[in-house]
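Pasting a structure here, questions to come.
Taken together, the values in this text are just the output of simple stated rules run on the coordinates, not laboratory data. The structure displayed is predicted, hence computed values, not measured ones. Positions of Cβ are backbone-derived with ideal geometry, glycine not excepted, and every protein chain shown enters the neighbour counts.
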Amino acid sequence: MHSSGGKSMKKILFVCKHNVFRSKVAEFFFKKLNKNKTYVASSAGILKWNKREVKGDKAYEAEKKAAKRFGIDLSLNSRGIDSSTLKDTDILVIVADDVPAKLFKKEKSFRGKVLVWKIPDVKLNDKNKEQIAENTIKFIQKKTSEFVKDLK
């Protein structure tokens, strides 16, 4: 727990593979829905993606289009995880089916709680990528809403 001005601040970190879609969507909905100011959220990926890798990625383009309809800007500022971020995290929420929880349970600097939401990413060979992305956003919105209610 981290103190700021006498109050104990709890830090939540939403994590997916690259921090370009799922974790950013969860962070967006958390910040929109959370009224409890003792909790703050951010997001990161286990792998940082650079802009050059994403250019022309059809799955990412579909995710961006779908996210825009929810008022979410997925502009790329992918953030990777480091041990200082982990050390300061109270609740780590894995919003991915391709990020193993044991990565964090073995990390000595991390003492927080791990929650896992097994959410698949939009795949390059998926048909109807935009619809899949939209369904994923709705699912993350629902999970985040339940998570925020449980924090009270």
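Scanning region 113-152 for residues that are part of a loop (DSSP other than H, G, I, E, B) and under 16 Å from the mean Cα position of the chain (by Cα), which turns out nearest to Y60 (Cα to Cα)?
V122
Would you check if A44 is within 17 Å of C16 (Cβ to Cβ) and free of Cβ contacts under 8 Å to residues at least 40 places away in the same chain? Talk me through it step by step, then tell me what you get.
On the way: within 17 Å of C16 (Cβ to Cβ): yes; free of Cβ contacts under 8 Å to residues at least 40 places away in the same chain: no.
Criteria not met by A44.
Would it be correct to say that F21 is of a type outside the set (A, V, I, L, M), crowded, with 19+ Cβ neighbours inside 10 Å and touching a residue at least 40 places away in the same chain (Cβ under 8 Å)?
Here the answer is yes, as F21 does meet what is asked.
Give region 83-112 a look and list any residue that's surrounded by fewer than 13 Cβ atoms within 10 Å (Cβ to Cβ) and in contact with a Ser or Thr (Cβ under 9 Å, 6 or more places away or on another chain), or say none.
Of everything in region 83-112, those that are surrounded by fewer than 13 Cβ atoms within 10 Å (Cβ to Cβ) and in contact with a Ser or Thr (Cβ under 9 Å, 6 or more places away or on another chain) turn out to be S83, S84, K108, R111.
Which residues, taken from region 128-152, are over 17 Å from L115 (Cα atoms), surrounded by fewer than 20 Cβ atoms within 10 Å (Cβ to Cβ) and among the aliphatic types (A, V, I, L, M)?
Taking region 128-152 and keeping what is over 17 Å from L115 (Cα atoms), we get 128-138.
Subset that is surrounded by fewer than 20 Cβ atoms within 10 Å (Cβ to Cβ): 128, 130-132, 134-135, 138.
Of everything in region 128-152, just one residue is over 17 Å from L115 (Cα atoms), surrounded by fewer than 20 Cβ atoms within 10 Å (Cβ to Cβ) and among the aliphatic types (A, V, I, L, M), namely I132.
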